[in-house]
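Take a look at the structure set out below.
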Amino acid sequence: MMKYLLTFIFVLFLMSCSSSETIERIDAEAIQVEIKDLVDKPEKYTNKLVKFSGYLIGSEFSQYDEAGIFVLCLADEPMSGDLSERIIFPDIKYKIRVAEDGYNDSVLKQCYTLSQKAGKLGLPVGVVGVYAPGHSYFYYHKGVDVYLQELHIDSRMLNTDYEDKSKFSHEAPGTFKKVYQGGKKVFEVIKDLIP
């Protein structure tokens, strides 16, 4: 019995140590598209991996339950004015919202910082992600249009899935501790019962 319990704990430990890290570039597989095409012909690109670039309207980073969320909104043309003023332009026809969440908050913070710099400098922001328009996303009722996988700014590329581990892998050490402590108590009780 103890041998099976130890084997089970060992397998769980190995699973918690594995991660969903992806370091290869995926943009070669993506369909090159313009923001205008995504807005005008959503059915053509829905649930497909796309890549495009746009100019920053706004971006945000926040944390929840030890994870992070990064959201940015891009327009198809360069914008004038300070970043804080751009968000008040609701009449931009061709804009798209992109988002990513995960337990890799350091990467997501870096995406936020770089996107803000690109916005201030008027540089285009490149995006690779899955186009899924109209879905609700956290506090956005109309949702996001693209689930981000890579962010390209100037010569930099950030894989937003890099070092993103599941909630299980984050909670596993505590779970293993509880399983170990519980198993130890059960073992001590069984040991006392054996003559």
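Observations on the model:
- The stretch between GLU60 and TYR139 holds 27.2 nm of extra length on full extension. This uses 0.36 nm per residue minus the Cα-Cα distance.
- Label-point gap, in nm, between GLU43 and SER106 - each point 7 angstrom along Cα→Cβ: 4.6 nm
- Heavy-atom accessible surface of region 27-162: percent carbon and sulfur, 1.4 Å: 50 percent
- Heavy-atom accessible surface of region 27-162, averaged per residue, reaches 51 Å², computed with a 1.4 Å probe.
- Spread of Cα-to-Cα distances over 10 Å intervals beginning at zero, given as percent, for region 27-162: 13, 47, 36, 4
- What you get for region 27-162, charging only the Cβ of Lys and Arg (+1) and of Asp and Glu (-1), is a dipole of about 280 debye around the Cα centre.
The values are calculated or read from the model by the stated rules, or taken from the named source; none is laboratory data. Computed from a predicted structure; not experimentally measured. Positions of Cβ are generated from backbone atoms using ideal geometry, with glycine treated the same way; all protein chains shown enter the neighbour counts. For the accessible areas, the whole protein counts, side chains as well, though only heavy atoms, and no ligand, DNA or RNA atoms are used. Shrake-Rupley method; radii C 1.70, N 1.55, O 1.52, S 1.80 Å.
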